[in-house]
Structure formats: C-alpha cells, structure tokens
1. With +1 on the Cβ of every Lys and Arg and -1 on the Cβ of every Asp and Glu, and nothing else charged, how large is the dipole of segment 390-463 about its Cα centre, in debye rounded to the nearest 20?
2. Between Val262 and Asn174, how high is the FRET efficiency from 1/(1 + (r/R0)^6) when r is the Cβ-Cβ distance and R₀ = 35 Å? Nearest 0.05.
3. Cut-off is 10 Å between beta-carbons; in what order do Val400, Val123 appear when sorted fewest neighbours first?
4. Quick one: Cα convex hull volume of segment 454-493, Å³ per residue?
5. Under a cut-off of 21 Å between alpha-carbon atoms, report the lysines in cross-link reach of Lys392, not counting same-chain residues fewer than 8 places apart.
6. Could you let me know the centre-to-centre spacing of segment 355-404 and segment 30-71, using Cα atoms, in angstrom?
7. Quick one: if you stick a label point 7 Å off each Cα along the C-beta vector at Tyr303 and Asn442, how many nm between them?
8. Putting +1 on Lys and Arg Cβ atoms and -1 on Asp and Glu Cβ atoms, find which of Gly120, Leu441, Leu375 reaches farthest to the positive end of the dipole of the chain.
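Every number in this text was worked out from the coordinates using simple rules, so none of it is lab data. Please read these numbers as outputs of a predicted model, since none were measured by experiment. Because the Cβ atoms are built from the backbone with ideal geometry, glycine has one as well, and the counts that use them run over all protein chains shown.
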Amino acid sequence: MRRLEYFSGIILFFLFMIFFSLSAMAIGVQPLTLDFTMTPGERKDFSLILSSSGMEESVSISIYQSYQDFTGNLAYRVGDLETFPEMGWVELEKNNILVPVEGEVELKGSIGVPFGTRPGSYVIILMVEPEASKTGDGISLIVRYAVRLIVRVDGPNLRERGRINFLQLEKDENGNQVLVAEVENNSQLDYLAGVEVTIRDENRSLVERLVLRTIAAERNQRDFTRIYPGSRVLFIGKPENYLYPGNYELRALMSYGERGKVTFVNDIRILPGQFPEPVQALNKYFTLKPEMVNIKLKPGQRYTETFEIKNIFRESIYIKTEVLDIEEDYKFSLIPWLRLHADDRLALLPRQSRQFLKILQVPIDAAEGGYYALLKLKVYEDESLINLLDEKIIPISCLVGKDGRLETQIKGFEFINQEEQAFLFLLKNIGQVHLKPRVKLNLLNKAQESLGEIELESEDLIEGLLFPGKEVFFKGVFKGKLEEGEYNAVIEVLSVNNSIQNSTYTIYVE
C-alpha cells in the first residue's frame, strides 16, 4: 500500500508543521471560509479581519489555486490566469497590509462572476502570509492562513453527481487487511460524501458493516468529507473482524449531497496465506456488544438493554453463559437486582448472531455507590462442552446516585533487592466505585534527583478494573542497578486521568 504509506507521511508532515508553528506568535484571521451563492454578472463585497499577534507585522495577500488530494485535504499552488481564470474574479483593496501591535485591521475586497460562467462550485484561496519572523535559533517560521472563498454559481440542469471508481481489500503497511474505495465527484458542485461498506460471505450472511473515512475526516473524527468538483478521494477502513480465506461480496454505498446515492459491488476471493492471521484473531471466536456495561441509575429506576453475541469463527461454536459475583458474599453485588433472559447454552453457526435481554431494577432504598456483577462466556468446540476454546468476562457496573467517591489505600510496600530490584505493594479500593488503576513510581536519590519513572502492573485486576473493597498487588522492576544508599520512592495512583493518591516511601539499599 504505497499510497497509504504516502498518506502516513503527509500526516507526520502536518504534525511537524503544527509543532513548529505553535512556537511562533501568529496573527489572527477571521473568517477562514466565505461562501457565496451568485449568478453570472453579479459582484459581492467581503472583508477579512486581521488581529494583532502582539507585534507589528507586514502581511501580504496572494491568490492561490486549490486542489484536493487523495487524503481529502486541500492543497495549494500559486494561481496562474491562463490555467486558473477564476483568480481574476477577486479584487482586493490592497495586497499588502500592516497589522498594528494592538487591535485589528480590516481588509476589504469583492468578488465578481463574469457573464458566461459555467454553473457550478469554484474555490479560490486567499493566502494571508506575514513576513517571516526569526526565532532565537535563527530559524524562520512562517504561519500562513488559507482563506477559502467558495463560489456557487447558479444555473439550469445543475445537479450533484458522484461515483465509486473501485473498492478493494488491500494490505496496510503492517500487512493487515484494509478496505479502500476511490470516490470521484464528476459534477460541477461540491458536496459532503460518506461511504459505508457491507461485507457478506459466500452464504450471503452479513459479516460486517463498517464506515470508511478519508484521512482528513479520520483526523477530525467525522464520517463525511467535502469533495470538490473533479476530485478523486480515497475512503479507507479496517474490518473489525479478520476475514478468513474464502469468497466475499463487498458492497459500498456512497451517500452524497442532499439525496445522492450510488453503489459499487466487488466480489473478492481471499486466498490462504494472502493476509497473515493476527494473533488476536487466532483466539477470537465471537464478538459481544456492548463489551462493558457501565450505567448510572437512581434508586427505584429500571433499565433494560440487549446484548448481541456473534460468531466470527469459521465453524460453529457453543457458548455457555453465567452471571457471577466479584467474589463470594460480595458486599456490592448487583446480582439480586439483575435478570438475564438468555439460554445458559448457545449454539451459533458461522456468522450467526443471537440477542439476549438484561433487565436491571434498582430498589427504592438502595444506598448510593457502585454495584457490580460479571457476565462470563465460555466458548467450546462442540456441544459436549468439554474442549474449551476461549472465555471472556464482561463487567456489569451500575452507579446508583451521584458520582461515587474515588479513594485508595496502600496497605503495604516492599522493596525486593535480589537478582532483580523490584517494588511490590498492596493497593485496596476503599472508595464507592470501581477504578481503572494506573500506578507510577518515581525513584529519587538522596539529592532528590529522579532516577527514572517505573510503571507498576498487576495481574490480579479483572479486565483492568479494581472493584470497591478489593485489593491487588502491584509490581514494578527497576531497569538498572541501585547502588548502596538511601532513596525515595514516590508513588502516584491514578484512575484514567484522575490522581487519587500520592505516597512517599524511603528505601535503603545495602
């Protein structure tokens, strides 16, 4: 996938530019996009506001031509009247302007559409570019702004059109499966477009439905990308589940503009060894949605939710379901309030899915805090339920009332000075809700100089969670060798991004 490697390089380039741009003070420009709906022979005025960066700057304004690359981003080049006559539509009050130390300045301009202009969308770029400033290292930094003028010229028989040129299953830079569709705007109008793909196996069973995105849209977490006339853009997406060797139908639906839709179908055959089977797929037999239940209810409130379990393996599987407590006689058990409407044994054909219902009823006198249960799923090879293939635990969490208190207690700390020098401590959740603990240890010498930070880990967490009342051991190994002397171990306990506890322990190495 040379194209994808190229796009990855583009992303790194933009991140590089952003990093260095932020180190320089920059003027402000508003607005960055101007939309015009016009008819041939019409002219309209506009203005830009340039605000101070804290220093007096001379700013030039040039007219550029834009083009859309395969990532969905707009790129720019200096306009030429012979190849880009639209640049002659713009008249500026001045092409250079002085932005004062404080305040702002207005730049006026106008845009006119000549008679005889073909109906459609046109994009003209005003490049606002201050003079290069020098940093202390002598590096010249230029922060420039591309102001987009979008002109939509009305006319008869003007409608949006689009097409999908190809839809393929390819390899990404790591050899993993990735779907790529090329979309073309073959109309004179710009529009928003999105692509959804359905994958079916040779038995016409639905394998997966996924949304493809352009690189530009992925960066902004959006499904739709604006595509300009004549542009060809790649929509990309990775199947959630590994596609085993066999025959598949790929069907893409492109939605564009107000009501436009177009489909593209490609029948493919995946050969054995064509794509390496990832490690996670070798032991992954089913999907379950949702993968974790984390809800918030009031006393007396009722909650109903559907689980969907799907066989993504090549053969039939047999699943045993069981609802468990965190531990025997668990104080914060959710089981008395929980009803699961499901067969305790499920048989699923390849690609088959089943649903079962979960009903949760919180008592009216329930105390505030977190309550928990575990849904355990065991996967077997056949209906004898002897040969276990895999198992999965799904935490079910219910917070009653307001956000619960986060609190931990370190019940013991030990430094082990043997072949490996390790730190061991016991952490208990004494709060009202579960934690997703992350523990950092910063090691300081006697001069309070940091010798490095160690991430401590625990093998006793359930799906990465520490439930109220439970305690687990954390361990971390120092990479190196501590000499004789006195040291301080500064421990910070976090849950997600919340710092919960800080403690300092003195250790002696003999």
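1. Numbers: 9 positive and 14 negative charges, 118 e Å.
Approximately 560 debye in magnitude.
2. Values: r = 31 Å, r/R0 = 0.89.
Rounded to the nearest 0.05, the efficiency is 0.65.
3. Details: Val400 24, Val123 18.
Going from sparsest to densest Cβ surroundings: Val123, Val400.
4. Values: hull volume 3.9 nm³, N = 40.
It is 97 Å³ per residue.
5. Output for Lys392: Lys284, Lys289, Lys310, Lys320, Lys358, Lys376, Lys378, Lys436, Lys470.
6. First find each Cα centre; the distance between them is then 56 Å.
7. Distance between label points: 3.7 nm.
8. Gly120
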